[in-house]
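Let me begin by presenting the structure, written as structure tokens, before commenting on it.
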Amino acid sequence: MDRLIQLRDFHRQDPGNDLIVIDLVDALLAHGLLDEAESTLDSVPTALRERPDFLFRTGRCELARGRFAVAADALVACLEAGADSVAVRHDLAFALLGAGRLDAAERVLASVLPRSPDEPAIALLHARLLQHRQQYEAAAAVAGAVVQNHPRHAEAWGLLAMLYLDLAQVADARDAAQHALSIDAAQSDALTTLGTLGLWSHDAQSAYQSFAQVLATQPEAGRALAGAGEALMLNGDVPAAHAFLSRATDRMSQHIGTWHALAWCDLLLGNPAQAYAHFSKALDLDRNFGESHGGIALVHALNGHADDARNDIKRALRLDPQSRNARYAQSLLWSAEGRDREAAAMVDGILAEAGMDTTRRPVDFIQQLQARLRPAGRA
């Protein structure tokens, strides 16, 4: 921090010194002072901001904000201006990965991976790319090698925790997350892992606290936004959950589960048209995902469109015999036929499978949901 104070003083005395500006921005980013780093960059003349060394810092600021497409543009401009380095290519590959351009990220990463096989940052980016490809075991092997060679590398432990989570190795995920946090109490992947484990155990309060810690420093982190929204849903604060999940879908538009969670918020807020639109977004991502068809069936059932609901229930159960949304839809059809006992038993079965205490479910859960949506028009 003494160095940062010194650089600020130098900058006040000589604001036009480009080398001081660069050193100051780097120090600010290292301390997580993103607003000040951006304002410092904004204060320099346009001609300076178009130089490769300034474009590189601009890209890093945009990466920290989670504005991946903008970051990628700045870093491509940096390369085109002749600043070709492992650091620039690493950040560009990271930006492309964050923007969902996996093939482009893989091409950029392939250009530096052979040159820096033992560089932790490059190896961990490789692991993240494998994770996005759903090659979890391969990704865990790469992250595990980094941990073995760099046992105090907090990010490596945090990423390994998330990969163990993807592999459903709960105990290993928790251990790796706690190890990461013992090195860096703000390690975002570790906090996201613990938040997800909190959701899985229906501990809404601890889950939300973990995700909130991530969002304090990374306000656009998609998984943390989605996790916070799901925690708020568990806690019964549906309007706040909807706000978080809506932001999460902006960040993770390819994640089916987040569209489903947002659609359920819409249902609980009495807005079936929006629920239908959001289940349809999920269906557009994968026409063979049973739960999305089940969600469409659920909206049809709530709107009293029994024939449409039955058709979508059949599609959903053919693709996924355990589809919860389809079974919720079936329970609503039974309720409409006066078969309330069977409908309630169906709902209790779904909640029991999810590990939830069915004794705490309102007896008239189905009727309450219907009552909220009864005045609504067609989806």
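Here are a few things to note about the model shown:
- Options Arg315, Arg310, Arg247: the member that is part of a helix (DSSP H, G or I), within 20 Å of Ala204 (Cα to Cα) and of a type in the set (D, E, K, R): Arg247
- So Asp175, is it at pLDDT below 95 and over 28 Å from Arg101 (Cα atoms): no
- When residues of segment 65-76 are limited to those that are free of Cβ contacts under 8 Å to residues at least 40 places away in the same chain and under 22 Å from the mean Cα position of the chain (by Cα), the one nearest to Ala93 (Cα to Cα): Ala72
- Among the conditions (1) closer than 22 Å to Ala248 by Cα; (2) not in a helix (DSSP H, G or I), Glu62 misses just one, which is (2).
- Which listed residue, of Asp312, Asp286, Asp308, is within 22 Å of Val347 (Cβ to Cβ), of a type in the set (Asp, Glu), touching a helix residue (DSSP H, G or I) at 6+ places or on another chain (Cβ under 8 Å) and open to solvent by 40 Å² or more (accessible area, probe 1.4 Å): Asp308
- Filter pass, Glu155 being surrounded by 24 or more Cβ atoms within 10 Å (Cβ to Cβ), assigned to a helix (DSSP H, G or I) and among the acidic types (Asp, Glu): no
- Qualifying residue in segment 134-143 (condition: outside any helix (DSSP H, G or I), within 20 Å of Phe94 (Cα to Cα), within 22 Å of the chain's Cα centre (by Cα) and not small (Gly, Ala, Ser)): yes
- In segment 42-62, the residues that are at pLDDT below 90 and among the hydrophobic types (A, V, I, L, M, F, W, C): Val44, Ala47, Leu48
- Under the condition of being part of a helix (DSSP H, G or I) and open to solvent by less than 30 Å² (accessible area, probe 1.4 Å), the residues counted in segment 31-54 number 5.
- One residue from Ala228, Ala240 being at pLDDT 95 or above and surrounded by 18 or more Cβ atoms within 10 Å (Cβ to Cβ): Ala228
The rows are residues; the columns are (1) among the aliphatic types (A, V, I, L, M); (2) open to solvent by less than 70 Å² (accessible area, probe 1.4 Å); (3) within 30 Å of Trp200 (Cα to Cα).
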{"site": "His90", "(1), (2), (3)": "no, yes, no"}
{"site": "Ala104", "(1), (2), (3)": "yes, yes, no"}
{"site": "Pro114", "(1), (2), (3)": "no, no, no"}
{"site": "Leu125", "(1), (2), (3)": "yes, yes, yes"}
{"site": "Ala141", "(1), (2), (3)": "yes, yes, yes"}
{"site": "Val147", "(1), (2), (3)": "yes, yes, yes"}
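- Hey, Trp157 under 24 Å from Ala123 (Cα atoms) and of a type in the set (Phe, Trp, Tyr) or not: yes
- A search for C-beta distances below 8 Å between a residue of segment 77-106 that is outside any helix (DSSP H, G or I) and any residue that is open to solvent by less than 50 Å² (accessible area, probe 1.4 Å) and of a type in the set (Phe, Trp, Tyr), counting only pairs 6+ apart in sequence or on different chains, returns Ala83/Phe56; Ala99/Phe68.
The values are calculated or read from the model by the stated rules, or taken from the named source; none is laboratory data. Predicted, not measured: the structure shown is a model, and the values here were computed from it. When we count neighbours, we look across all protein chains shown, and the Cβ atoms used for this are built from the backbone with ideal geometry, even at glycine. Note: accessible area is taken over every heavy atom of the protein model, side chains too, but ligands, DNA and RNA are not part of it. Shrake-Rupley method; radii C 1.70, N 1.55, O 1.52, S 1.80 Å.
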